[in-house]
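Please read the structure below before turning to the comments.
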Amino acid sequence: MKKIIDSFLQRGGACLVVCILLLLLCLPIWPEAFSQVSKEQPFKEVETLAQQIQFPSHSPDREIGVTESILNNDAQNAVSVHYPVIGLKQVDAAIQEKIQSILSEYQDGLPAEAMDDFSSSLWVDYSSYLAGDSIASLLFRVEKNDSTMSHPDVYVFTMNFDLAQQKLLSLEDILQGEYLLAICDYTREYFSHTQPYQAYVHTDAFQTGSAPVMGNFVSFTMNDKALTFYFQKNRIFPGYLGVVSISIPYSELNGYLKVDTTATLLQIAQASGTISSQLSSPVQNISIDPSRPMIALTFDDGPHAKVTPQILEILKQNQAKATFFVVGNRVDSYTDLIQREYMEGHEIGNHTYSHPLLTNLSADEVIYQTSQTDQRVAKLTSYTPKLLRPPYGAINTVMESNIQKPFVLWSIDTLDWKTQNKTKILNEVLGKVKDGDIILMHDLYPSTAEACAELIPTLKAQGFQFVTVSELLAQKRITPVAGHAYHLAR
Ligand code: ZN
């Protein structure tokens, strides 16, 4: 018994000594620790938010939400609607309500009875950004088309949410003071010095549409650097210029901005494992200068164990972006390469599942060929390829009405698969290449990688920018439509 008591006293004694020592150690920092309690409160809120919000499994560019799609592959009435699910109940309900209203409006516009020679399509896509820690900023592009229209009906709409409050934000919630005057001045100044807009700044449409009234600036998005305003097609400039946007850096809005645009939420989400941190190393974002020539390099048939990493390395060294049209049945064998392509800021396009001549296939087979690749890529990256490159460039009406993607062809064919010769590949491009070209190559042959090692720095020195196909289309103000083919340049 005595032994037990002794041992207890010994342990208790040791404990007491440790406690006193700890207390003594803590004393000097006590007041500081105490005063930090109030500061840490917002941090806790952000932490809770980070656990609730859905990020794409790798979120390179402060992208937020996972994609949900509504698809209808009916040839007469094609619907392809993509929208984000953020993970917050009220925010998601507001987004879904808006999407439903677009769908209903589209359906109400259809003829009451099916007509043989009438077809129509609805395409909705989005970009989502996280601005600061508590604002989700969504930009939707809507494109409606039918066989009676000469041009598709295109417009954008935006939604900005305070994530902590789960409420929609208007411009008044974000800016204060005489901000409308400041935005109006910046907009007029910018467009009067920018081609091709400056020719139109004296029109009534521009003067009225850029005046300092709230109604002119209702469509806006935010990211961590700037506030961007969107003007609908035909609103301030002629229709051929499409939807026009202007980004105002926060540094130009000093004193007007009343929300916090500094960010810790994404880091917290990464740290807590909501997003894989291995795959979330930030992508170096290229800023595209619309006044300089740009081209889209495209690589088909990959990934390839040796050639694809070589090409990725060359692209990285030159800060160049490209588009990889991958074959679905190779995706699962090269998961790391698919993820690397995605994480390094390249676009992943769909080049079917097993590379058949699609024009020989039935509607069901065509759908299978595209959906299988989509699913495999989406599983690895949370990104669903938006563009299809048909094998052999072959397209028919079955594909046009059953594949809910634009078809991307090319304006320069390097014939790299045929010659497998660096000099010949270079000769197909250098001297011919011009702004807006889409260049066809294959990441299968060592000679293609060798040619890239020379081609990319050479064209870069000539002032060319290397962009993805989607970036090229956006820069050239082309809204891609499902079932249509795009070559660019020529
Ligand atoms: Zn191919």
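Summing +1 for each Lys or Arg and -1 for each Asp or Glu, what net charge is found among the other residues whose Cβ lies under 14 Å from the Cβ of Asp300?
Within the 14 Å Cβ shell, the charges total -3.
Quick one: compute a quarter of the convex hull surface over the Cα atoms of the range 66-212 and quote it in nm².
11.8 nm²
Excluding ligands, DNA and RNA, what is the solvent-accessible area per residue of the range 160-219 at a probe of 1.4 Å, expressed in Å²?
Roughly 52 Å² per residue, with all protein chains present.
Give me the extension gain from His151 to Asp435: residue separation times 0.36 nm, minus the current Cα-Cα distance, reported in nm with one decimal.
Working it through step by step, the gained length comes to 99.8 nm.
Just the accessible area per residue of the range 326-430, please: how many Å² with a 1.4 Å probe?
39 Å²
List the residues of the range 445-474 whose backbone N lies under 13 Å from a point placed 7 Å from the Cα of Asn427 along the Cα-to-Cβ direction.
none
Can you classify the range 314-425 as rounded, prolate or oblate using the Cα gyration tensor, where a ≥ b ≥ c are the square roots of its eigenvalues, rounded means a/c under 1.5, and otherwise it's prolate if a/b beats b/c and oblate if not?
oblate
For the range 326-447, what does the relative contact order come out to in percent, with C-alpha contacts under 8 Å and a separation of six or more?
Relative contact order here is 22 percent.
Stick to Cα atoms and the Kirkwood definition of Rh, then tell me Rg/Rh for the range 355-490.
Ratio value, two decimals: 0.99.
Explain nothing, just compute: Karplus ³J(HN,Hα) = 6.51 cos²θ - 1.76 cosθ + 1.60, θ = phi - 60°, for every residue of the range 162-172 in order, whole Hz, x for Gly and Pro.
Listing the rounded values in order: 7, 6, 5, 8, 6, 10, 5, 9, 9, 4, 5 Hz.
What ranking do 86-93, 122-129, 170-177 get when scored by the average of other Cβ atoms within 10 Å per residue, highest first?
The most tightly packed comes first, giving 122-129, 86-93, 170-177.
If we count every other residue with Cβ under 13 angstrom of Phe220's Cβ, Lys/Arg +1 and Asp/Glu -1, where does the sum land?
Overall, the nearby charge balance is -2.
Taking the full set of protein chains and a 1.4 angstrom probe, give the accessible area of Asp117 in square angstrom, rounded to the nearest 10.
130 Å²
Leaving ligands and nucleic acids out of the surface, order Lys434, Lys405 by accessible area at 1.4 Å, largest first.
Most to least solvent-accessible, the answer reads Lys434, Lys405.
Return the long-range amide H neighbours of Ile248 (sequence gap of 5 or more, or a different chain), with a cut-off of under 5 Å between placed amide H atoms.
Leu227, Thr228, Phe229
What is the gain in length, in nm to one decimal, between Arg490 and Ala205 on full extension, counting 0.36 nm per residue of separation less the C-alpha to C-alpha distance?
In short, 99.3 nm is gained.
Rank these by accessible area, largest first, 1.4 Å probe: Thr479, Thr419.
Thr419, Thr479
Of all the accessible heavy-atom surface of the range 109-265, with the other protein chains kept in place and a 1.4 Å probe, what percent is carbon and sulfur?
Ligands and nucleic acids excluded, carbon and sulfur give 50 percent.
For an R0 of 30 angstrom, estimate the FRET efficiency from the Cβ-Cβ distance between Gln107 and His193 and round to the nearest 0.05.
The pair Gln107/His193 has a calculated efficiency of 0.10.
Which percent of the accessible heavy-atom area of the range 368-490 goes to carbon and sulfur, probe 1.4 angstrom?
Exposed carbon and sulfur together represent 51 percent of the surface.
Which ³J(HN,Hα) values in Hz, rounded to whole numbers, follow from the phi angles of the range 252-261 under the Karplus curve 6.51 cos²θ - 1.76 cosθ + 1.60, where θ = phi - 60° and Gly and Pro get x?
7, 10, 3, x, 9, 6, 10, 10, 8, 10
Compute the separation of the alpha-carbon centres of the range 197-250 and the range 351-393 and state it in Å as a whole number.
The range 197-250 and the range 351-393 have Cα centres spaced 37 Å from each other.
Counting only protein heavy atoms, what percent of the accessible surface of the range 283-337 is carbon or sulfur at a 1.4 Å probe?
43 percent
The values are calculated or read from the model by the stated rules, or taken from the named source; none is laboratory data. Quick caveat: nothing in here was measured; it's all calculated off a predicted structure. Note: ideal-geometry Cβ built from the backbone for every residue, glycine included; neighbour counts use all protein chains shown. All accessible areas refer to the heavy atoms of the entire protein, side chains included, with ligands and DNA or RNA removed. Shrake-Rupley method; radii C 1.70, N 1.55, O 1.52, S 1.80 Å.
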